[in-house]
Structure formats: structure tokens, C-alpha cells
Amino acid sequence: MSLALTIRSMLFLVLPLVFSPTASGEGFLGGPRSKRQVVDLKTRSADLQEAMGAMLGCGGDAESNRVASSAIRSKLRPVWLALPKNKYDRIDWPWLRYMANRYFMQQSSFLLRGLEPTRQVNASHQGAAEILSQQAPALVDMMLDGKSDEHGFSLEDAVAFVATLEQLLLSSEHSLLEQAYRRRSVHQPLSSDGLKQTLESYMVHWMMGDDQFATTMLLNNRTLLEESLPHWQEISDMVEGTIKSMDFQRARAPKTGQTPLPRTSGYTFEDAHEAVGQIGKSFSSFWETECQEIKTSLSFMDKAGTGRVRLADFYGANMNGEWRFGESEAYLRELGALDESSPWRGKQVIIPNYLQAASNCIVSRPHYLVCCVNECEGILSEVESFVGAPVASPEDILQLVGNMSNFEDVRANIDRELRQQLMRVADTHGGKVPLHGRLFAQWLHYVFPRECPFPHKAGAAATTTPSEFGDEYYASKDELSKHGAQTIQASEAEDLEWMSQWSEEEELVGDYASQLRAPWEGRRHGFIVGGGLLLTTAALVAAGVKSNAGLSGSSGSFDYRKSHFV
């Protein structure tokens, strides 16, 4: 069982206050179009960003906002370059939410509710971030109206969108910091020790969530606090180091209109706010040691190197004293962390899916989760940077990935079967591999089985926290005993089954129409799943179809523009 299951909630993450509402010419360098079209697109971007700016109000000085927006842009740009664009050289809504999710996961292991990859996006559920839908529904309507859907979003729109989400997340927890600060000071600035105590109080509140009784007990008993919260002393040291770093930076390069801050002059609420932002940037990586301990324990049980642990071994470790690994079979299935495809190996826990599951997220808040680092993000980002395009040839992918290693410095072992599978994916799409499709993500999972999660079809898994799942999230003693006592006989057939969970069904995040066009003939085959058309590779190959897209027209003609977005 994960740390998150033994401590009610644990989190400290606040993102910096950033926003730069600027109109942009980026995204207007596509194919030929009229001058009016260009003006309309610029006006739409300006209107959209102005609406975001009006909603957020003033967010710090102009120089800080400019620097922050520039930082967001530099981090979004590599993903932006690798995404397919529409005829206006812009991206559609599914890609915008995909970019935002990737940004927050890469920067802070931060999963926004509403942007989860497991959610299925369709006409009835657009997949907007819940915090945006609840606090700015008019803006969501503006972003998702017919005009926006037709023309899409520029890179500057994406920068403003991410900055807006950051500010909303920060604002949603503003009162907690204020409450912690006011406990220490009402009118006078805080001393260094007072600021440290304020930040520690803030973090305990985050860790314990709504449990005010436990929070009060911990704050009133330092010994109990150190015994109850793992690594508390290291967290306290990190707070102190952040204050010292802030002092140094302030003295070295004060912001515009700001004088150097001597330690003796005290700290204001704004200083506490700045410290909170700095700690938030590094807290998820600081806490990653816990996630790596979980991975190490699971990897030790993964004797075959498939990225899977038999459920019997998983529960057996719990029965032998491992305080983790107690999630029930039903809950593991809900999370998408259970592989039930092999009759020889039996039920297995998928290591990267388990690590990324909500049960292992440090905290669950109304609008977001803070989870373990997704190690596959670094792998996919390297592929995107190398390719610099939405699609790649299988040869280029094999050349790059074949020279990559996992996080244990073990070089990728791409055997004959994996090479053939990648070629089949390319054949499905007319010779190219879409970098943001389910089949390529599935291929990466088998190349890096302990780092890249297995990509379930949209809607097949859920980001459900233990409290949301209910009392049965934890396995009963009978369930632990039943599975933990099982012995599974090894078989030569096991070696032939290590890819038994492979599925031939493709799902594309967004529109690949301009990248995957190709002529074909013959009947089209498919079946409807969740409002979108899902096509098996066998049907695609048989029909000569090159992409997973929807059917349109009574004659059965195929249209890439109606892809099954996820």
C-alpha cells in the first residue's frame, strides 16, 4: 500500500503567479489565406487572452509576468512543434488540453482534474479543467465555441491558458496561506523563524487536508509531527533553505522597485507567498524518493523484467510486512493497474500504471492531484525533440530509441518482435508512426516496461482516489490471504506471453488529417466505443485504412477529421 493510503492526504504544491496577456502573430505562418483571415485570427487570440487577463486581474509586476510567460513558452514549445496543426497552423482543443496536461506533469507531477488522459473527450464532455469550468465558465464557453473549434489555438493562446490555470490553482489555496500567516502576525512583519513556522504550518495543513483535528494535534506536538509524517525533518530543512535562497536572490538582484531585503527587516505576506511558490516548484521532485522506493520494491519482484508483478507476489509482500501494496483487486482494476490478459502468469500489477495511479498521488485536492513523476515523459520528450514533427518513420524511431536507456541505465532492448510491432503501427498509418497515438504509447510501454504506463483505451481506467472509491479500496484479510497464498507454476509459454496485453486498437489524441492522408479502397470496418469510432489494426490493414478516425456519410467514406479523440 502506498504512502498516500497510510497518511490521509499529503501535498505541498503551489505554482507561481504568472500571466502575460499578449496577442501573438505566432501560428499565422501556415498556408495561403486572405488578409482578413489573418486579422480575424489575431483578433480572436487577442480577445481570448484579454478575457483571461480580465478574469485574473493584476498578477504581479510586468517584468515578473514577462519572465514567467517566457518560461512557460520555452517549456511548451518542444511539444508544440511536435503536434499536428490545422490549416491555420494552430492546434485544436484536444491538443490544447493535452499540452496543458503535459506541462503540469512535466513541471510538477501535477494532474489537473478534467485534463486526465484517462478521460474520454467527445461532444458531451469536452474535457476542460474542472477549476476553469467552475470558476470561469464563460471563458470555457468562449474557448469551446464553434469559432474556436474551427480555427484553433496559437502557441500564445496555450501560454496564456497554462498561465491562467496556474493562477487559478494558486488563488484557490490562497486563504490557507493567509490563515497560516495571520496566526503568526497581523500587523508586523515576520522574523525568519516566524516565516519558517508559518510555512511549516501551511505544509502540515496541506498534508492533512480537511482533517483539522489531526492537523491541530501535529502542530501542537513537534515530536508527534516528526514521528507521524515521513521525512518531516528534511521538509523542514527545505523550508529553511528556501528562505535563505530567497534572501540571497533578493539581495543579489532585487525586483523592479524593490529594495534588498535585510534579514532583520522582517517578512511580509508577499514574501511568504513568494517562498511558497519556490518550494512548490521543487516539492514533487523532493518527494520522488518515496515513489522510487515503491518502484524499487516492485522491480525486485519483477523477475522477468516485464514491468509486471504477479498479484500473488504483490499481496504476498504485504503479508510479509511491506506496509504498501494493499489496494484491493477491484480498485487496482479501476485504476488500470491490473493486467488480466495472461492465463499463465495470472493477474499482474503493472508497475508504471501502479506508480501513476491515484492511490500513490501525494495528495488529492478538489481540483488536482500531485502524483509520482511520470518517467515516460522524459522519454517521449526526447523523441519529440529528435523528430520535431507529429509523425516519424519507424526507422528514425528505432535509431533514436535503440540508443536510449531506462532510468537504471539499461539500454533499450528492441527485439525482433518489437521491431515488427512498430512496423505494423507504421503500416496502419501509411508508413508513418503518429507520436501521440495509443499504439505508439503502447510500443513505448513494452520497450520501457517499468517507466512507460500501459495506455488503456479512453474510459477504461479512472483517476479515482481511495476516498472516492470507498471503503473497499483496501484488500480485506481474506483477499490478501487468498491471492498471497497462490503459487503459479512457471511455463515456457510465459516467454511467449509477455506482450499478451497488446491491443491493436488505435486512438489519436487529436486531428492528424494533414499528416496521414492516403488513398485506399475497399470496405471500412469499425465499431463504436463511447461515442467515437475505434478501429482495429486488422480491420485497418484489411481495408487499406491508414488512421483511426470516424466514419462520415451514408456511403461509409472515411474522414480523418473525425478521429476518436481521447
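Here the condition is being modelled with pLDDT under 90, of a type in the set (D, E, K, R) and either within 26 Å of the chain's Cα centre (by Cα) or not assigned by TED's automatic domain parsing to the domain that holds TYR88 (or both); of GLU227, GLU156, GLU200, GLU240, it holds for GLU227 alone. Among the residues of the range 176-216, those that are surrounded by fewer than 18 Cβ atoms within 10 Å (Cβ to Cβ) and not in a helix (DSSP H, G or I) comprise VAL186, HIS187, GLN188, PRO189, SER191, ASP210, ASP211. Checked against (1) buried (at least 21 other Cβ atoms within 10 Å of the Cβ); (2) not assigned by TED's automatic domain parsing to the domain that holds SER299, ALA475 meets all criteria but (2). The residue list MET105, MET142 contains one member that is under 24 Å from TRP287 (Cα atoms) and in a helix (DSSP H, G or I), which is MET105. Taken over the range 391-421, the residue count meeting the criterion of being assigned to a loop (DSSP other than H, G, I, E, B) and either within 29 Å of PRO84 (Cβ to Cβ) or of a type in the set (Val, Ile, Thr) (or both) is 8.
Scanning the range 427-469 for residues that are aromatic (Phe, Trp, Tyr) and farther than 20 Å from ASP415 by Cα yields a count of 1. Within the range 328-344, the set of residues being in a loop (DSSP other than H, G, I, E, B) and under 12 Å from TYR473 (Cβ atoms) comprises SER328 only.
At pLDDT below 90, among the charged types (D, E, K, R) and either touching an Asp or Glu at 6+ places or on another chain (Cβ under 7 Å) or surrounded by fewer than 20 Cβ atoms within 10 Å (Cβ to Cβ) (or both), is that true of LYS87? Criteria met by LYS87.
Every residue, every condition in (1) part of a helix (DSSP H, G or I); (2) at pLDDT 95 or above; (3) not small (Gly, Ala, Ser), yes or no:
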{"residue": "ALA272", "(1), (2), (3)": "yes, no, no"}
{"residue": "ALA275", "(1), (2), (3)": "yes, no, no"}
{"residue": "LYS281", "(1), (2), (3)": "yes, no, yes"}
{"residue": "SER284", "(1), (2), (3)": "yes, no, no"}
{"residue": "GLU290", "(1), (2), (3)": "yes, no, yes"}
{"residue": "ALA304", "(1), (2), (3)": "no, no, no"}
{"residue": "VAL309", "(1), (2), (3)": "no, yes, yes"}
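Filter the range 102-125 down to the residues that are out of contact with any helix residue (DSSP H, G or I) (no Cβ under 9 Å at 6 or more places or on another chain) and under 22 Å from ALA392 (Cβ atoms) and list them by number. Selection gives nothing.
Picking from residues in the range 345-380 that are at pLDDT below 95, touching a Lys or Arg at 6+ places or on another chain (Cβ under 8 Å) and part of a strand (DSSP E or B), the one that is farthest from ASP409 (Cα to Cα) is TYR368.
May I ask you to verify whether ARG450 is out of contact with any strand residue (DSSP E or B) (no Cβ under 6 Å at 6 or more places or on another chain) and surrounded by fewer than 19 Cβ atoms within 10 Å (Cβ to Cβ)? No. GLN292 fulfils the conditions (1) closer than 17 Å to VAL370 by Cβ; (2) touching a residue at least 40 places away in the same chain (Cβ under 8 Å) except for a single criterion, (2).
The values are calculated or read from the model by the stated rules, or taken from the named source; none is laboratory data. Bear in mind that the values here come from a model prediction, so they are computed numbers and not experimental data. Glycine also receives a Cβ, built like all others from the backbone with ideal geometry; neighbour counts cover every protein chain displayed.
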